[in-house]
Amino acid sequence: MKKFKFIIALILFVQFGHAQKYFSKNAVLKFHSDSPMEKIEAVNSTASTVIDISSGKIEFAALNNAFVFEKALMQDHFNENYMESTKFPKTVFKGTIQDVSKLNLTATGTYKVMIQGDLMMHGVTKSVSVPAEFVVDSKGVHANAKFTVKCSDFDIKIPAVVKNNISNDVDITVKVDYNLLNL
Amino acid sequence: MWLYLGSSMLIAQEDLLSLLGKDANTYLTTASFKSTRIINSQSIENTAKGVLDIKIQHRFASIENGVSDFFGLDGASIRLGLEYGLSNRLMLGFGRSSLDKAIDGYFKYRILRQSFGKKQMPLSISIVSAIEIKTTPFSDTKRRNYFSSRMYYSYQLLVARKFSDGFSLQLMPTWVHRNLVKLESDHNDIVSLGVGFRQKLSKRSSLNLEYFYNLPNQLEANLYSPLSIGFDIETGGHVFQLHFSNASAMIYKGFITETPDRWSKGQIHFGFNISRVFTLSK
C-alpha cells in the first residue's frame, strides 16, 4: 500500500513538474505605424497565449478583427483591404523560448529571453526572432516584447495612392499578465 | 505507468492554445456595403459614432438625347447631404436637393447586427424614418394651401446579410406617405419592395444593384419602378459611387413615387455620389 501511494505521488509530481503552463486570454497587442501623413494605432486586448515551461514552447493567437482603431473607417479598411480578415481571421505565433532554463517564473526577478518561431499572418508564415522580457513580482508573471513586421513580408499590399499614409513597417508591442494554467 | 507518462507527453505535443478552450467573444460583421447608400436607397451601414459623412450627389438628365445635351450632362440635379453618427446604432442625416428644392431629414437605427463567434446572428436589421419637404411654390395658389401639404414621410426596413466577403444582399420594404397627391383617386400611401446587392470586384471596388418594385395598382399611370446599377470605388476616406438609373431623384418620395422614365425607352440617367468621412469625436 505504501509503495502504491509512493507511485501515485511520483506520478503527480512528474505530471506537475512537466506540465507547468501559464496562459492569458487578455494579452494586449498594440499596433503602431507612423507615416508622413498619418499615425495609425490599434489595440487588441483579447489575444490568447500559452507558455509551456517544460518545453519552452510559447503560442499566441489573435483575431484580426478584434483590433480596435481610433477611426472606424481605418478599422474597416484594415479588415477589408489589408488583413482580409474574412479569409484570414487569425494571426498566430508559435515559437520557443530559447533559453528557457534561465527563466524561473516562481522566483521574483526580471528575465530577458529570446523567442524564436513562426508568425502566421495573412496566409503567410515567416520565422521571426523577438527579444522579450519576463517580470515576476508579487502580483504575478508579466511579459513584454516589441518587434517590427514589414507588411511586404506578409503579402499585404499598400496601394500607391496611400503610400504616404501607410507605412510598410508596423511596430507591435506585446503585453501579457500570465496566470498559472490549472489542468 | 510508462503508458501514462507516454500519454501525458502526447498531450504536451498538442496545440497549446487548444488548452484554453473556445473563443468566447462575439464579433460584429462589418463593411457589408462600402457606404451608407447602395445607390439611391440607404444601405445597412451607418456612419460610426462621432463620424461625419459629407455627401455630394449628382444626377444628370437622361442620356437619350445624345450629343445635343452631352448625354444628359447639361442637365444636372444635385443633393448636398450630411450624415452623423450619434452612437454606433443611431445615425442622423440631412440634405437638400435642387429637384423640388426639397429638404430632407432622417434617422437610421440599427436593431440587429449580424455577428459571429459566441453569439451568432445571421442578419442585420435597421429602420429608416425620413421626412421630406418640398419647398417650391404651390402650383395652385387659389386653393387653401397647408404647410403639411409639402410633406412626405418614408419608412424603410432594411434586412441585410453579408453572405461572403464579396457578396451582400439587402431587402428593403419601403412605405412612402404623400400628404398631398394630384387627384383624389391617387393613393397617398405607396408600398414598394426593394432589393439591393453588392458584389465586390476587387478589394476597393464593387458592383451594386438596386431595384424597387412598387406594388401594383398604387402609383399613377406612366410612373415606373426604379432600377439602378452602379459601381463603388473607394480611395481611403472617399467613396465614389457611379451609376445609371431610370430615376433621377435622390430622396424616397422622388425615386420611388415620381419616376416617369424607363430603361426600355433609353431614358437612363448617369449619376454619382461622393462620400467623404471626417472623424469629429472619438
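The values are calculated or read from the model by the stated rules, or taken from the named source; none is laboratory data. Keep in mind that what you see is a predicted model, and the values were worked out from it rather than measured. When we count neighbours, we look across all protein chains shown, and the Cβ atoms used for this are built from the backbone with ideal geometry, even at glycine. All accessible areas refer to the heavy atoms of the entire protein, side chains included, with ligands and DNA or RNA removed. Shrake-Rupley method; radii C 1.70, N 1.55, O 1.52, S 1.80 Å.
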Requested in this report: Would you mind stating whether A:SER48 is among the small types (Gly, Ala, Ser) and under 18 Å from the mean Cα position of the chain (by Cα)?
Outcome: yes
Report task. Taking A:TYR22 as meeting all but one of (1) of a type in the set (Ser, Thr, Tyr); (2) crowded, with 17+ Cβ neighbours inside 10 Å; (3) closer than 22 Å to B:GLY117 by Cβ; (4) at pLDDT 90 or above, write down the number of the exception. Result -> (3)
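Matching residues to (1) on the phi > 0 side of the Ramachandran plot; (2) at the interface with chain B (Cβ under 7 Å from one of its Cβ atoms); (3) in a helix (DSSP H, G or I):
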residue	(1), (2), (3)
A:PHE23	no, yes, no
A:ASN26	no, no, no
A:LYS30	no, no, no
A:ILE40	no, no, no
A:VAL43	no, no, no
A:THR49	no, no, no
A:SER55	no, yes, no
A:PHE60	no, no, no
A:LEU73	no, yes, yes
Query raised in the report: Based on what the data block shows, is A:LYS87 more than 10 Å from chain B (Cβ to nearest Cβ), surrounded by fewer than 17 Cβ atoms within 10 Å (Cβ to Cβ), without any contact (Cβ under 8 Å) to a residue 40 or more places away in the chain and not small (Gly, Ala, Ser)?
Result: no
Query raised in the report: Do any residues in segment B:259-282 that are under 22 Å from B:THR36 (Cβ atoms) have Cβ atoms under 6 Å from those of residues that are open to solvent by 30 Å² or more (accessible area, probe 1.4 Å) and part of a helix (DSSP H, G or I), where the two are at least six apart or on different chains, and which pairs are they?
Result: B:VAL277/A:LEU73
**Report entry** Residues being within 20 Å of B:SER206 (Cβ to Cβ) and modelled with pLDDT of 90 or more - total across segment A:53-73
**Finding:** 0
Query raised in the report: Just one of A:VAL141, A:VAL161 is of a type in the set (A, V, I, L, M, F, W, C) and more than 17 Å from the chain's Cα centre (by Cα); which is it?
Result: A:VAL161
Query - Conditions (1) open to solvent by 20 Å² or more (accessible area, probe 1.4 Å); (2) charged (D, E, K, R); (3) within 13 Å of chain A (Cβ to nearest Cβ); (4) part of a strand (DSSP E or B): number failed by B:ASP53 - result: (1)
Requested in this report: Evaluate the following for B:ASP232: is it surrounded by fewer than 17 Cβ atoms within 10 Å (Cβ to Cβ) and among the acidic types (Asp, Glu)?
Outcome: no
Query raised in the report: Given (1) over 22 Å from B:THR47 (Cβ atoms); (2) more than 8 Å from chain B (Cβ to nearest Cβ), where does A:PHE78 come up short, assuming only one miss?
Result: (1)
Requested in this report: Could you tell me which residue of segment B:233-267 is farthest from the chain's Cα centre (by Cα), considering only residues that are hydroxyl-bearing (Ser, Thr, Tyr) and in a helix (DSSP H, G or I)?
Outcome: B:SER264
Query raised in the report: Could you say which residue among B:GLY81, B:GLY66, B:GLY6 is over 30 Å from B:PHE272 (Cα atoms) and either at pLDDT 90 or above or out of contact with any Phe, Trp or Tyr (no Cβ under 8 Å at 6 or more places or on another chain) (or both)?
Result: B:GLY6
Requested in this report: May I ask you to list the residues in segment A:130-178 that are surrounded by 13 or more Cβ atoms within 10 Å (Cβ to Cβ) and in a helix (DSSP H, G or I)?
Outcome: A:CYS151, A:ASP153, A:PHE154, A:VAL162
Report summary line: Considering segment B:168-224, residues that are open to solvent by less than 30 Å² (accessible area, probe 1.4 Å) and of a type in the set (Gly, Ala, Ser), and then whichever is modelled with the lowest pLDDT, we arrive at B:SER205
Query raised in the report: Of the numbered conditions (1) within 13 Å of chain B (Cβ to nearest Cβ); (2) assigned to a loop (DSSP other than H, G, I, E, B), A:GLY117 satisfies every one except a single condition; which is it?
Result: (2)
Query - Subset of segment B:100-111 [open to solvent by less than 60 Å² (accessible area, probe 1.4 Å) and either at pLDDT below 95 or in a strand (DSSP E or B) (or both)] - result: B:ASP100, B:ASP104, B:GLY105, B:TYR106, B:LYS108, B:ARG110
